[in-house]
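K.L.:
There's a structure below that I have some questions on.
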Amino acid sequence: MAAKKKTDDLMDKIVSLCKRRGYVFPSSEIYGGLGSCWDYGPLGAELKRNLKNFWWNAMTNRRDDVEGLDAAILMHPQVWHTSGHVAEFSDPMVDCKKCKARFRADKLEEARCPLKPSKSPLECDGELTEARQFNLMFKTFMGPVEDNSNVVFIRPETAQGIYVNFLNVKNSSRQKIPFGIAQIGKAFRNEITPGNFIFRTREFEQMEMQFFIHPSEDEKWFEHWREQRWNWYMELGINPEKLRWHEHGPDELAHYAKAAYDVEYEYPFGWQELEGIHNRTDFDLSRHMEATKKDLRYFDERFTEKFIPYIIETSAGCDRTLLTILVDGYDEVEVKGEKRVFLRISPKVAPIKAAIFPLVKKDGMPEYAQKVYAELKKSFKVFYDVAGAVGRRYARMDEAGCPYCITVDGQTLEDDTMTVRDRDTMEQTRMKTAEIVNFLKEKVG
Ligand code: GAP
């Protein structure tokens, strides 16, 4: 029970920090909010954008063998029949006859009874209905007539947009197998039990990459992508002790997968999936080929044969990674007898890269600091702050996750140097004003 309380405390603190500093707000809050929907505030929107760029750069720009794509959310409804989502993308659901709450039948032990939150629905007095399957796809109608022939699905994953564009991308980019297609985009799932803040929501963003290969090379590429993805989290600065691999056993493997590993993170509510890496075999392209009668095979000169490519998929949740960054970076430290919050986010994705302070509001310091601010904001997201004692300004920036605070003081006006204070070491280094742009470029680049 004590551990549970600690968990709740940390998540509560993160939710509260996100609201206070403008990272994440409840959606439609002035109307009372909408279950499990969240809005990203000024800092959250910056962090998310930086995170997506960080992924995009690693997955496409830095490689010659991965192309980008931005497919429509609404797709031909037949896509979702072919992919198996209409028939199989469902979770078993049960209702409590007493309190009418709904639970995922396969996650009852983790769930809490709304009337007795210390107990799971298996332990309280409520009687549960038989489990029934509940399809997670949202539907809507295309055009003015709301009948079955006009139903379209709101995509529950971005991957299908990649599969149906395999030929378009291959032909237009002139890539040869092995090559990949990467995409970032919204996905929607009518989750029965969303929760844990932005961990499981009904609207979320995915960062997915599908790598098309010859079947004989699947193990090699699977290992390659496992290594790449692990290294990406290391580059993002996530604590490796809080990350682990989880290999799917035969009873966990999705029907399309030959092998699967999840990257798991130890959240305050336990070890949970952050990203999935799958060997999807030729399942996807075979199904789409059969349904459309389009030839999705590939002629490989190396193997002198035509074959349906196998696919290695890396599928990460953007919101879940953002939560991971917040949880991993949250730190409380006592500074001069005062409890202070530090958000130790990697400078590479931090929403504000540096804050510029004049030490005092006189002697030409604000004017000098304004000039530096104007110069730096051409290249970085920076923040100017003159309000309050410099210690308070540091504290506000530490809590907002800003890695560097640059202060203009009396000496600056004499020798064009400023102090750069590092959030994590709290050390201050004096630097020439002319060197600051290069310093920041190196740290946040
Ligand atoms: N194309 C494969 C696929 O969609 P998945 O395991 O269902 O696989 C991949 O989802 C990733 O998307 C997960 O590892 C997670 O990070 C994220 N994700 C899935 N459902 C989510 C939800 N309801 N809320 C937030 N993120 C979610």
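The values are calculated or read from the model by the stated rules, or taken from the named source; none is laboratory data. All values reported here derive from a predicted model rather than from experimental measurement. Cβ: placed from backbone, ideal geometry, glycine included. Neighbour counts: every protein chain shown.
K.L.:
Which numbered condition in (1) in a loop (DSSP other than H, G, I, E, B); (2) out of contact with any Leu (no Cβ under 7 Å at 6 or more places or on another chain); (3) away from the ligand (no atom under 14 Å from the Cβ); (4) not hydroxyl-bearing (Ser, Thr, Tyr) is the only one that Leu296 fails?
P.N.:
Result: Leu296 fails condition (2) only.
K.L.:
If you don't mind, another one. Run down Ile154, Ile162 and say which single residue is touching a Lys or Arg at 6+ places or on another chain (Cβ under 8 Å) and β-branched (Val, Ile, Thr).
P.N.:
Unique residue meeting the criteria: Ile154.
K.L.:
With the structure loaded, tell me whether Tyr368 is modelled with pLDDT of 95 or more, among the aromatic types (Phe, Trp, Tyr), surrounded by fewer than 20 Cβ atoms within 10 Å (Cβ to Cβ) and in contact with a Ser or Thr (Cβ under 8 Å, 6 or more places away or on another chain) or whether it fails that test.
P.N.:
Answer is yes for this residue.
K.L.:
Hey, any hits in segment 158-173 for a residue that's under 27 Å from Tyr330 (Cβ atoms) and aromatic (Phe, Trp, Tyr)?
P.N.:
No, that holds for no residue.
K.L.:
Give me the strands (runs of 3 or more DSSP E) completely within segment 322-372, filtered to those with at least 1 residues that are under 18 Å from the mean Cα position of the chain (by Cα), ordered by residue number.
P.N.:
330-335, 338-343
K.L.:
Separate question: Give me the strands (runs of 3 or more DSSP E) completely within segment 386-445, filtered to those with at least 1 residues that are crowded, with 17+ Cβ neighbours inside 10 Å, ordered by residue number.
P.N.:
Filter on segment 386-445 gives 404-408, 417-422.
K.L.:
Please verify whether segment 256-268 includes one or more residues that are within 24 Å of Gly44 (Cα to Cα) and among the hydrophobic types (A, V, I, L, M, F, W, C).
P.N.:
Looking through segment 256-268, at least one residue is within 24 Å of Gly44 (Cα to Cα) and among the hydrophobic types (A, V, I, L, M, F, W, C).
K.L.:
Being near the ligand (Cβ under 10 Å from one of its atoms), crowded, with 21+ Cβ neighbours inside 10 Å and touching a residue at least 24 places away in the same chain (Cβ under 8 Å) is the requirement here; does Gln210 meet it?
P.N.:
On the way: near the ligand (Cβ under 10 Å from one of its atoms): yes; crowded, with 21+ Cβ neighbours inside 10 Å: yes; touching a residue at least 24 places away in the same chain (Cβ under 8 Å): yes.
Here the answer is yes, as Gln210 does meet what is asked.
K.L.:
Please give the helices (runs of 4 or more DSSP H) falling wholly within segment 28-125 in which 3 or more residues are of a type outside the set (Asp, Glu) and buried (at least 17 other Cβ atoms within 10 Å of the Cβ). Please lay out each step first, then the result.
P.N.:
Numbers: elements: 42-56, 77-82, 85-88.
In segment 28-125, 42-56, 77-82 are the helices (runs of 4 or more DSSP H) which contain 3 or more residues that are of a type outside the set (Asp, Glu) and buried (at least 17 other Cβ atoms within 10 Å of the Cβ).
K.L.:
For segment 379-392, what are the residues that are under 14 Å from Val420 (Cβ atoms) and free of Cβ contacts under 8 Å to residues at least 60 places away in the same chain?
P.N.:
Once the filter is applied, which keeps residues that are under 14 Å from Val420 (Cβ atoms) and free of Cβ contacts under 8 Å to residues at least 60 places away in the same chain, segment 379-392 yields Val382, Val390.
K.L.:
In segment 126-152, what count of residues is obtained for those that are under 25 Å from Phe269 (Cα atoms) and surrounded by fewer than 12 Cβ atoms within 10 Å (Cβ to Cβ)?
P.N.:
0
K.L.:
Quick check: is even one residue across segment 207-216 within 27 Å of Asp91 (Cβ to Cβ) and more than 19 Å from the chain's Cα centre (by Cα)?
P.N.:
No, segment 207-216 has no match at all.
K.L.:
Here's another thing I want to ask about it. Hey, can you tell me all the residues within segment 130-176 that are in a loop (DSSP other than H, G, I, E, B) and more than 28 Å from Leu51 (Cα to Cα)? Give the steps one after another, and end with the answer.
P.N.:
Of segment 130-176, the ones in a loop (DSSP other than H, G, I, E, B) are 130-131, 136-137, 142-147, 155-158, 164-165, 174-176.
Matches in segment 130-176: Glu130, Ala131, Met142, Gly143, Pro144, Val145, Glu146, Asp147, Arg174, Lys176.
Residue-by-condition table, conditions (1) within 30 Å of Arg344 (Cα to Cα); (2) small (Gly, Ala, Ser):
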{"site": "Ser172", "(1), (2)": "no, yes"}
{"site": "Glu217", "(1), (2)": "no, no"}
{"site": "Glu227", "(1), (2)": "yes, no"}
{"site": "His248", "(1), (2)": "no, no"}
{"site": "Asp251", "(1), (2)": "no, no"}
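K.L.:
Of all the strands (runs of 3 or more DSSP E) wholly in segment 237-290, which have at least 2 residues that are assigned by TED's automatic domain parsing to the domain that holds Pro215 and within 10 Å of the ligand (Cβ to nearest atom)? First the steps, then the outcome.
P.N.:
Numbers: elements: 243-247, 259-267, 270-281.
In segment 237-290, the matching strands (runs of 3 or more DSSP E) lie at 259-267, 270-281.
K.L.:
Being surrounded by fewer than 21 Cβ atoms within 10 Å (Cβ to Cβ) and in a loop (DSSP other than H, G, I, E, B) is the filter; apply it to segment 194-207 and report the residue that is farthest from the ligand (Cβ to nearest atom).
P.N.:
Asn196
The rows are residues; the columns are (1) in the same structural domain as Trp221 (by TED's automatic domain parsing); (2) surrounded by fewer than 19 Cβ atoms within 10 Å (Cβ to Cβ); (3) away from the ligand (no atom under 16 Å from the Cβ).
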| residue | (1), (2), (3) |
| --- | --- |
| Asp300 | yes, yes, yes |
| Ala316 | yes, no, no |
| Gly337 | no, yes, yes |
| Pro347 | no, no, yes |
| Lys361 | no, yes, yes |
